[in-house]
Structures are given as structure tokens and as C-alpha cells.
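Before any comments, here is the structure.
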Amino acid sequence: MRATGSPVRQSSVRAHNLALVLQTVANSTDPISRASVAGATGLTRATVSALVDDLVTGALLTEVEPAPRSGAGRPAFGLTLAPDGPAGLGLEINVDYRAACVVDLAGTVRHRLVEPGDQRLTDPGTAVAALGRLAARARTLAEADGLTVAGAALAVPGLVTAHGVVRIAPNLGWQDVAVGDLLGDPEITVDNEANLAALSELGTAGLPRDFVYISGEIGIGAGIVLDGALYRGTRGWSGEIGHIPINPDGPACRCGARGCLEQYAGQEAVLRAAGVSTVEALASAAAGGESTALTALGAAGGALGVAVAAVVNLLDVRTIVLGGSYASLLPWLHDPIAAEADRRVLTAAWSPVRLHAATLGADAAMRGAAGSVVRALLDDPAAWLARRP
């Protein structure tokens, strides 16, 4: 019988083993010795030692002094992710702010920059140019820490093609915007903000491998995670929950339709109904028992509950993560969302919907963007090592 398939190249084996060793160290809660890495991976000690040397030279791993111990034998040096190695740059442009953060290999946010401002007041080129200046500031801060920015990813509230073109972002007024070209960085990854926020929450303690993340900003987006992976849809445009119709004859939406969820539960709609100007003021008023604020939140929660029920009935997920402004407002949104979900979800009697506040709050999207760069490094360290002089 003739063999089928392609032979495995030595370089492919090395790339696989580099990733295996790096991820073993990354997943260890304490510094781990080379011998322990060999035991965990099944690789020989000699192979592990050679791979570790490459990863240390490439600034992906660092060796730390062993902890003092009593007894016979010499304690081994431990391995950890390099704190001054490559880092990810996460960018976000949303309706009322632009932001940047730098995240190191361990997932620690080293720098965070946020500039408030209505991005609808400028054309895409001007808005992206301002974001580019913010990104440059973040890079400078990273370099001052001895970090090397390995790549950047951008979160935007809209539909993004596989080539990074923002096909449409209704709340920004953008259409067919090639962000990478405007930034002068054709290699930048561009993705929907709710998708990146969902990825940042994936693996958070207490969350299952199947959930829907709903981002509550001026626009409303959703990131769908099924079996531990982001579900993007056929063209990568899934998750536009903000344009689920709540009332087909309702208020006009920026998307061109009427009665979309955003017109009932979007940030601007809720603040307007509550008679306040900020989410913080809304939360304060609700905590003080002000009836106008409570009524506005109750109405928004009811509309959200209708949309949540539709999503749960369609996808058969039971966990909904509320992010963006919804995370801080969940104490008042929870009951009206749950009431509508209980009324409308077919399986609610024996499998009620679970509502969770996002752990990363408003930073989830830009942290997810930076984290996507870091995950790429951990998944394919050979590509990073090949880039180094």
C-alpha cells in the first residue's frame, strides 16, 4: 500500500515542540524546571534543554533562581514567561472613545491609555490618525519597559472582512474602511469588538466553554463562544444582536431598520430615558432608588431579555455574559432580563439562563485584542524566533 499524506518536516516538528514547551511553562502556576517540562511533555531532557535555550535567547522564557530548600540535591532553576519579552498591543476605537493597552506574555496589562471623545464627529481618516498617535504613545511606553511590541490588533464596533476592512460600522458612520492602510500597518489584525471581548473572557473562572458575550455600549454586539471557540459565522459577521428587532414599528436605527435592540437598550437610549449623562450617574441614581433611573433600566432589561431569549432558543446556550456598561449595571438589569428569558426560553423551566457580569468590564475588547497577539506568540513561537535578527 502506498503511503498517503505529506511527510513531516523537521522544522515542523521543532515548531510544534517549541510551542509545547512554551505552553507548558505558560500553564504552570509556579516556575517549572527543565526536568519537569520534560516529564510533562514526554520530550527528552536534551531536547527540552535545547528548545529552552532557544526560547530564552528569543526573550520568550527566562530562568529564575531556585527557592532555597533543605535536603540532598541541588535545586533546579525555574522557568517562567519573560516579563521583558514580546508584548501585544491592543487598540480599540468605539463611538465615544479610543483606547490602547500593552499586555505582556503573562497577560498582565503593562500600560492602558484611554481618550474619551465622540468618534462620529470626524471622518474615518482623522479618527484613525488619532488612534495611530495613541498607539505610538503605547509603543513608546512599552519600549521604555524593555518590551518589544510583537504585533497589534484593533477592536471596532462593526462588520469586519477577513482582510481587515470594516465593511460597515453603523454607529461610527463607517463603510468600507481599510483601517490598516490608514494606520500605515497592513499587518494589523482588525476584528469586531464583541468577538475580541468574548475571547478575553474565555477561560475566566466560572465560565463554561459555551456562552454568549453581550457588549453594552452605544452599540450592542455579541461574541458567540461554542465549545471553547469563537463562532464567527460564514463570513465572520455573526453577533449583531443589537439589530435584532424588538418592535418592527419602533424608532429608526442607524442601520436603516426600525425598532432594533440598540434603540431600547443601547447606552444612549438608556441614559436619555433616565435623564442622566453617564453610566456612572445612572448607577448612582439607581443605587439611590431614583424611580426614573430604575424605570429606564427595567425597560432596557426587558428589551435585552427578549433578545437574549431569541439567542438562547436559537443556539441552546445557557450562559450570557454582560460586558461593557452592562457589567456595572447588571444589579438592576438582571431581574428584568431573567423575567423575559424565563417567559420566552422554551427550556427555561429545567435549564434557566445564567447571567454573569464580565470580569474585565469596559477594557475587555482592547485586552482581547492585545491578548490575541500574545496567544499567537504562545501558539507559534517559531514564527517569532524567525523574525528576530
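The values are calculated or read from the model by the stated rules, or taken from the named source; none is laboratory data. Computed from a predicted structure; not experimentally measured. With ideal geometry, Cβ positions are generated from the backbone for all residues, glycine too; neighbour counts draw on all protein chains shown.
Residue check: is Pro208 closer than 24 Å to Gly88 by Cα, in a loop (DSSP other than H, G, I, E, B) and out of contact with any Leu (no Cβ under 9 Å at 6 or more places or on another chain)? Full working, then the answer.
Details: closer than 24 Å to Gly88 by Cα: no; in a loop (DSSP other than H, G, I, E, B): yes; out of contact with any Leu (no Cβ under 9 Å at 6 or more places or on another chain): yes.
No, not satisfied.
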Residue that is nearest to Asp104 (Cα to Cα), among those in the stretch 126-183 that are basic (Lys, Arg) and part of a helix (DSSP H, G or I): Arg139
Report yes if some residue within the stretch 291-302 is in a helix (DSSP H, G or I), of a type in the set (Val, Ile, Thr), out of contact with any His (no Cβ under 9 Å at 6 or more places or on another chain) and within 30 Å of Gly117 (Cα to Cα); otherwise report no. yes
Exactly one condition in (1) closer than 27 Å to Cys101 by Cα; (2) at pLDDT 95 or above is false for Leu20; which is it? (1)
Verdict on Ala229 being farther than 20 Å from Asp118 by Cα, among the small types (Gly, Ala, Ser) and modelled with pLDDT under 95: yes
Could you go through the stretch 98-112 and let me know if any residue there is in a helix (DSSP H, G or I) and either more than 25 Å from Gly216 (Cβ to Cβ) or outside the structural domain of Ala59 (by TED's automatic domain parsing) (or both). no
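Name the residues in the stretch 169-204 that are of a type in the set (Gly, Ala, Ser) and either assigned by TED's automatic domain parsing to the domain that holds Leu304 or under 14 Å from the mean Cα position of the chain (by Cα) (or both), would you?
Selection gives Ala194, Ala197, Ala198, Ser200, Gly203.
Table: residues versus (1) in a loop (DSSP other than H, G, I, E, B); (2) free of Cβ contacts under 8 Å to residues at least 40 places away in the same chain.
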| residue | (1), (2) |
| --- | --- |
| Val317 | yes, no |
| Tyr326 | no, no |
| Leu330 | no, yes |
| Asp335 | no, yes |
| Glu340 | no, yes |
| Thr347 | yes, yes |
| Ala382 | no, no |
Residue hits (the stretch 202-217; closer than 29 Å to Asp118 by Cβ and at pLDDT below 90) are Glu217
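Being surrounded by 10 or more Cβ atoms within 10 Å (Cβ to Cβ), outside any loop (DSSP other than H, G, I, E, B) and modelled with pLDDT under 95 narrows it down to one residue among Ser28, Ser36; which is it? Walk me through it before giving the result.
On the way: Ser28 fails: outside any loop (DSSP other than H, G, I, E, B).
Checking each option against the conditions leaves just Ser36.
Residue-by-condition table, conditions (1) under 18 Å from Gly298 (Cβ atoms); (2) part of a helix (DSSP H, G or I):
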position: Arg343; (1), (2): yes, yes
position: Thr359; (1), (2): no, no
position: Arg367; (1), (2): no, yes
position: Gly371; (1), (2): no, yes
Can you pull out the residues in the stretch 39-73 that are modelled with pLDDT of 90 or more and among the basic types (Lys, Arg)? Arg45
If Leu55 passes every condition in (1) of a type outside the set (Lys, Arg); (2) crowded, with 17+ Cβ neighbours inside 10 Å; (3) within 30 Å of Gly266 (Cα to Cα) but one, which one does it miss? (3)
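Determine whether the stretch 291-300 contains at least one residue that is within 22 Å of Ala339 (Cβ to Cβ), polar (S, T, N, Q), in contact (Cβ under 8 Å) with a residue 12 or more places away in the chain and surrounded by fewer than 19 Cβ atoms within 10 Å (Cβ to Cβ). Break it down stepwise before answering.
First pass over the stretch 291-300, keeping only residues within 22 Å of Ala339 (Cβ to Cβ): 291-300.
Pick out the ones that are also polar (S, T, N, Q) and you get 291-292, 295.
The next check asks that each one be in contact (Cβ under 8 Å) with a residue 12 or more places away in the chain; those that pass are 292, 295.
From what is left, the residues that are surrounded by fewer than 19 Cβ atoms within 10 Å (Cβ to Cβ) are 292, 295.
Taking every residue of the stretch 291-300 in turn, at least one turns out to be within 22 Å of Ala339 (Cβ to Cβ), polar (S, T, N, Q), in contact (Cβ under 8 Å) with a residue 12 or more places away in the chain and surrounded by fewer than 19 Cβ atoms within 10 Å (Cβ to Cβ).
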